[in-house]
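These notes concern the structure reproduced below.
The values are calculated or read from the model by the stated rules, or taken from the named source; none is laboratory data. Please read all numbers here as calculations on a predicted model, not as lab measurements. Accessible surface areas use protein heavy atoms only, side chains included; no ligands, DNA or RNA. Shrake-Rupley method; radii C 1.70, N 1.55, O 1.52, S 1.80 Å.
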Amino acid sequence: MSKPFIVLAEFSVAPDSFDAFFELCLFDSRHSLGDEEGCLGFDVLTDNDDKSAIVLHETYKDRAAFDAHLQMPHFKKFAEALKELEVEEKYVRFFTHQAPAH
């Protein structure tokens, strides 16, 4: 049995684009959780100190579920908007969930 696949992605957003990007992150989260059987969790986080930072914490059943996420229409809309809103992708990191056991 495979372990959950975790994605942490941090973005830096200009003040004039922050609200639009934040709404887009919420859109991606709602659709990922609602439309993708393999999406187990999708949190949208804002930094208490850095008002330009948004972090996405995503949990998928496995790597294949994440790869399927990348093909979804709501993700494609999200990816296109990154360019339009000039959002800086600071990092995307991948993890395997180890504990507690599910």
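I need the phi-derived Karplus couplings for segment 71-83: 6.51 cos²θ - 1.76 cosθ + 1.60, θ = phi - 60°, integer Hz, Gly and Pro marked x.
Result, rounded to whole Hz: 9, 6, x, 5, 6, 4, 4, 4, 4, 5, 5, 3, 6.
Among 50, 35, 62, whose mean-square fluctuation peaks in a Gaussian network model of the chain (Cα, cutoff 10 Å)?
50
Mind counting lysine pairs for me in the chain? Cα separation below 28 Å, and the two need to be 8 or more apart along the chain or on different chains.
12
Using amide H atoms built in the peptide plane, which far-off residues or other-chain residues are under 5 Å from residue 40 H to H?
59, 60, 61
Go ahead and set up a Gaussian network model of the chain, Cα springs under 10 Å, then flag whichever of 56, 70, 24 fluctuates most.
Its mean-square fluctuation being the largest, the pick is 70.
Given the DSSP H assignment, sum -39500 (n - 2.57) over each helix run of at least 4 residues in the chain and divide by its residue total; what's the result at 222 nm in deg cm²/dmol, nearest 500? Intermediate results must be reported in sequence, preceding the final value.
Numbers: 3 runs with 37 residues, N = 102.
The helix-only estimate for the chain comes to -11500 deg cm²/dmol at 222 nm.
Counting only heavy atoms of the protein chains, get the accessible area per residue of the chain (1.4 Å probe) and round it to a whole Å² value.
Details: 6330 Å² over 102 residues.
The answer is 62 Å² per residue.
Show 51, 3 ordered by accessible area, largest first, where the area counts protein heavy atoms only and the probe is 1.4 Å.
51, 3
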